[in-house]
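The values are calculated or read from the model by the stated rules, or taken from the named source; none is laboratory data. Note that the structure is predicted; figures quoted are calculated from it, not measured. A quick note on method: Cβ atoms are made from the backbone with ideal geometry, for glycine too, and the neighbour counts reach across all protein chains shown.
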């Protein structure tokens with residue numbers, strides 16, 4: 001981590017008993033191409049399976065994502081899309097071309113004594129594939145996925161309430177590590193601690209360039 005990207009403050013790790021990790025664009029570099037493959041599959045689904053025109057898809061996908069939290073939730077709400085079919089289609093990507101075992105990440109995660117949970121708007125099948133490709137699947141206790149929090153998703157407060165109730169953890173004992181400022185702002189509003197991973201910024205939330213810098217914001 002460079003001096004310019006040091007977080008604005010740190011979090012006392014002895015107050016945190018549960019680490020909630022987002023999956024995509026958080027546990028791996030945001031420029032590795034994986035999310036671009038998923039986005040392309042979403043576009044193809046809307047074109048080929050739902051019949052939208054090429055001109056409609058980009059703006060519609062973006063509006064649904066902004067309004068509902070995920071494109072899927074928007075397609076469910078407005079077009080009654082089949083959730084299973086959509087998720088199977090958009091996650092049918094060759095992960096092995098962009099992900100490989102990451103010993104440094106495994107060592108970092110293994111060094112945290114807290115419970116480690118995946119909290120993702122993807123499904124558990126995709127999450128397990130990503131974790132397996134990175135060689136870190138055995139380091140996580142649970143996956144709280146889009147099915148577990150339906151009909152909600154991040155950044156809806158109800159999704160967080162569902163996750164915390166399942167985990168039997170109070171919000172003040174949890175830290176969310178995510179690449180989405182919206183998700184993290186909801187988390188903070190509910191009393192969770194928050195760390196932003198990646199290039200975006202958000203006032204009052206410590207930001208790290210890479211998941212490998214997480215230790216820099218946890219102390220004590």
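Points to keep in mind about this one:
- Within the range 1-20, considering residues that are in contact with a helix residue (DSSP H, G or I) (Cβ under 8 Å, 6 or more places away or on another chain) and modelled with pLDDT of 95 or more, the one surrounded by the fewest Cβ atoms within 10 Å (Cβ to Cβ): 17
- Among the criteria (1) within 22 Å of the chain's Cα centre (by Cα); (2) closer than 27 Å to residue 148 by Cβ, the one residue 31 does not fulfil is (2).
- Scanning the range 30-46 for residues that are crowded, with 17+ Cβ neighbours inside 10 Å and either in a loop (DSSP other than H, G, I, E, B) or at positive phi (or both) yields a total of 1.
- Qualifying residue in the range 156-166 (condition: touching a helix residue (DSSP H, G or I) at 6+ places or on another chain (Cβ under 8 Å) and either part of a loop (DSSP other than H, G, I, E, B) or under 16 Å from residue 38 (Cβ atoms) (or both)): yes
- Residues being closer than 21 Å to residue 22 by Cα and assigned to a loop (DSSP other than H, G, I, E, B) - total across the range 55-86: 2
- Exclusive hit being over 14 Å from the mean Cα position of the chain (by Cα) and within 16 Å of residue 19 (Cβ to Cβ), set 105, 95, 131: 105
- Residue within the range 54-65 that is in contact with a helix residue (DSSP H, G or I) (Cβ under 7 Å, 6 or more places away or on another chain) and in contact (Cβ under 8 Å) with a residue 60 or more places away in the chain present: no
- Just one of the numbered conditions (1) in the same structural domain as residue 180 (by TED's automatic domain parsing); (2) free of Cβ contacts under 8 Å to residues at least 12 places away in the same chain is not true of residue 116: (2).
- Test: residue in the range 80-90 that is modelled with pLDDT of 95 or more, at positive phi, surrounded by fewer than 17 Cβ atoms within 10 Å (Cβ to Cβ) and not assigned by TED's automatic domain parsing to the domain that holds residue 14: yes
- Residue match in the range 103-111 (condition: outside any helix (DSSP H, G or I) and farther than 15 Å from residue 26 by Cα): yes
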